[in-house]
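The values are calculated or read from the model by the stated rules, or taken from the named source; none is laboratory data. Bear in mind that the values here come from a model prediction, so they are computed numbers and not experimental data. Cβ sites come from the backbone with ideal geometry, for glycine too, and all protein chains shown count toward neighbours. Only protein heavy atoms, including side chains, enter the accessible area calculation; ligands, DNA and RNA are left aside. Shrake-Rupley method; radii C 1.70, N 1.55, O 1.52, S 1.80 Å.
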Amino acid sequence: MGLVEWSLLLALSVIWGGSFFFVAVAVEEIPVLTIVAGRVALAAAGLWVVLAASGRRVPHRTWGACLVMGLVNNALPFALIVWGQSHLASGVAAILNATTPLFGVIVAHLGTSDERISFGRLAGVLTGLAGVAVMVGGAALGDLDSAVWAQIAILGAALCYAIAGVFGRRFARLGVAPMQIATGQVTASTLMLVPLALMLDQPWRLSPSLAATASVLGLALVCTALAYVIYFRILAASGAVNILLVTFLVPVTAILLGTVLLDETLVPRHLVGLAAIAIGLALIDGRLLRWPRAGRSRISG
């Protein structure tokens, strides 16, 4: 990756790390479904503007797949994360969400024929899951209190993202541009969530503060619409392997924002779990294993 791609990657990590901050602010005053519906609806509007400016549209033949992606890549994980953050610090939620590639390895092994688990990936998955066990703590062996259920919800969101990643491979066979996929899936999730939010939350009765309202706007326009534009720009320029690096950086931003602006604190087991998950992701990525070999080959050459 060049300087531009690295800059975009860092920007994306800050944006997605900031999404946990925005959720933490909004969920204090706004119901879960209203937050998620507002996020996807406003993001869909923004992405349709971008798509129209490029002279493209969402092909009719892809709407069925977009409905599936809208469910597993937006509606379900967004709702699970927002609900989970009503009981967890934003930094903890971000760390647990960073397990997405761990689940991705397992889902890809089960659901594809060309992405089998290697020794390095298996070691990464086991190391990362050990970190998750440390983070959840011994409480899970006793009573399942709200904090444990919240952590399970965030892990459920990570699993949804992993399933979406494998399912989304079919769009390449359909010859659909990434921005068309993003616009279609966010539009589909809007159609699912807005009626539910209107029926259950009756958002017209709410009177959220300016900070909570601005947080939903930030989630929609910055952390979803703009983030998708940046994500697919990096993906096109540097590939799927390099985009995985953002997973290492998102929890850092979320922890810093939560600590500095929300007075959140992490207990030692969270930091130990973060370290184990980071090592697991590094093993899955494979760079830590390749660099020593590359160094030895240069020396021997």
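Do the conditions hold for P203, that is, is it modelled with pLDDT under 95, touching an Asp or Glu at 6+ places or on another chain (Cβ under 8 Å) and within 19 Å of L33 (Cα to Cα)?
Details: modelled with pLDDT under 95: yes; touching an Asp or Glu at 6+ places or on another chain (Cβ under 8 Å): no; within 19 Å of L33 (Cα to Cα): yes.
No.
Of everything listed in (1) open to solvent by 10 Å² or more (accessible area, probe 1.4 Å); (2) farther than 18 Å from H87 by Cα; (3) part of a helix (DSSP H, G or I), the single unmet condition for F21 is (2).
Look at region 1-12: where a residue is open to solvent by 60 Å² or more (accessible area, probe 1.4 Å) and a partner is among the small types (G, A, S), sitting 6+ places away or on another chain with Cβ atoms under 8 Å, you get M1/A237; M1/S238; V4/A237. Checking the stated criteria, R57 turns out to be open to solvent by 20 Å² or more (accessible area, probe 1.4 Å), touching a residue at least 40 places away in the same chain (Cβ under 8 Å) and under 25 Å from T183 (Cα atoms). Determine whether A197 is within 27 Å of T247 (Cα to Cα) and touching a residue at least 12 places away in the same chain (Cβ under 8 Å). Considered against the rule, which asks whether it is within 27 Å of T247 (Cα to Cα) and touching a residue at least 12 places away in the same chain (Cβ under 8 Å), A197 comes out as no.
Could you check region 257-272 and list, in sequence order, the residues that are surrounded by 14 or more Cβ atoms within 10 Å (Cβ to Cβ) and either touching a Cys at 6+ places or on another chain (Cβ under 7 Å) or touching a residue at least 40 places away in the same chain (Cβ under 8 Å) (or both)? Can you show your working first?
Initially, region 257-272 is screened for residues surrounded by 14 or more Cβ atoms within 10 Å (Cβ to Cβ), giving 257-259, 262, 264, 266, 269-272.
Of everything in region 257-272, those that are surrounded by 14 or more Cβ atoms within 10 Å (Cβ to Cβ) and either touching a Cys at 6+ places or on another chain (Cβ under 7 Å) or touching a residue at least 40 places away in the same chain (Cβ under 8 Å) (or both) turn out to be L257, G258, T259, L262, E264, L266, R269, H270, V272.
The set of residues in region 83-126 being within 23 Å of A153 (Cβ to Cβ), among the hydroxyl-bearing types (S, T, Y), open to solvent by less than 40 Å² (accessible area, probe 1.4 Å) and not in a helix (DSSP H, G or I) consists of T99 alone.
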